[in-house]
Amino acid sequence: MKQLIITTLFFFSSGIFAIGQESVDKFPRTISELPGVFQIGEYESFYKNLYAEYPGFLLSETGNNMNAAFEKWLNMIYAMEEHSNTLDFDLNGLKVWLNVFFNEDGSIDFLQFHKKPYSKNIDEKELKAFFNSFIKEYKMPITAEGKFNHSGSAGFPTFGKTRLEAKKPNGQ
């Protein structure tokens with residue numbers, strides 16, 4: 001009986017150690033090991049390094065032109081909506097806060113998100129898969145001096161195309 005108890009405890013404790021070790025092994029050790037998409041609040045220990053690696057701001061990269069920076073942001077959100085339509089992934093009703101980390105060529109390395117209160121409830125895994133798909137395809141039309149980041153809000157539907165067309169003279 002004593003041997004059975006010792007054997008049971010051994011296997012139980014081995015299982016707990018294996019489970020604990022597995023989760024430690026999956027946790028990123030460097031920025032390059034971070035997933036491309038994650039929720040704001042995850043991997044907080046990397047935030048300081050992320051902002052050091054992507055020190056510029058979209059506003060700075062547009063010559064401190066608030067209208068140009070807003071238009072680039074809005075065009076990215078609209079492109080996100082177009083991408084969702086292509087995939088038949090319904091974003092309507094989603095409200096999110098986004099932190100996006102860009103390379104000099106406008107490609108995206110990391111996208112953090114947080115669903116706002118009163119947002120449509122979209123499955124987290126599906127939303128992450130959508131954002132991963134988007135960041136692999138999207139490239140902001142910009143030539144920046146260095147890596148940069150931007151934080152902002154998005155709500156869907158955007159009606160972005162209508163707003164951008166309204167700004168163009170004679171609908172051009």
Report summary line: With the dipole of region 99-163 defined by +1 on each Lys or Arg Cβ and -1 on each Asp or Glu Cβ, the option from ILE108, SER151, SER119 whose Cα lies farthest towards the positive pole is SER119
Requested in this report: With θ set to phi - 60°, apply the Karplus curve 6.51 cos²θ - 1.76 cosθ + 1.60 along region 108-120 and write out the HN-Hα couplings as whole Hz, x wherever there is a Gly or Pro.
Outcome: 9, 8, 9, 9, 9, 9, 8, 6, 7, x, 6, 7, 4
Report summary line: Cα convex hull volume per residue for region 30-171, in Å³, equals 116
**Report entry** Dipole magnitude of region 30-171 about its Cα centre (Cβ charges: Lys, Arg +1; Asp, Glu -1), debye to nearest 20
**Finding:** 500
**Report entry** Note, ³J(HN,Hα) from phi for region 147-158, Karplus 6.51, -1.76, 1.60, rounded to Hz, x at Gly and Pro
**Finding:** 5, 8, 9, 8, 10, x, 10, 8, x, 10, x, 8
Query raised in the report: Among TRP73, TRP97, what is the fewest-to-most ranking by other Cβ atoms within 10 Å?
Result: TRP97, TRP73
Report summary line: For GLN39, the residues 5 or more places away or on another chain with a placed amide H closer than 5 Å to its own amide H are PHE113
Query raised in the report: Along region 68-73, what does the Karplus equation 6.51 cos²θ - 1.76 cosθ + 1.60 (θ = phi - 60°) give for ³J(HN,Hα), rounded to whole Hz, x for Gly and Pro?
Result: 5, 5, 5, 5, 5, 5
Query - For PHE110, distant residues with modelled amide H under 5 Å away - result: PHE101
Report summary line: Between the alpha carbon centres of region 63-85 and region 100-123 the gap in Å comes to 13
Report task. Among the listed pairs LYS72/LYS95; LYS26/LYS116; LYS95/LYS128; LYS26/LYS147, give every one whose C-alpha distance is greater than 23 Å. Result -> LYS26/LYS116; LYS26/LYS147
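Every number here is computed from the coordinates shown, using simple stated rules; none is lab data. Because the structure is predicted, anything quoted here is derived from the model rather than measured. Using ideal geometry, Cβ is built from the backbone for each residue, glycine included, and neighbour counts are taken over all protein chains shown.
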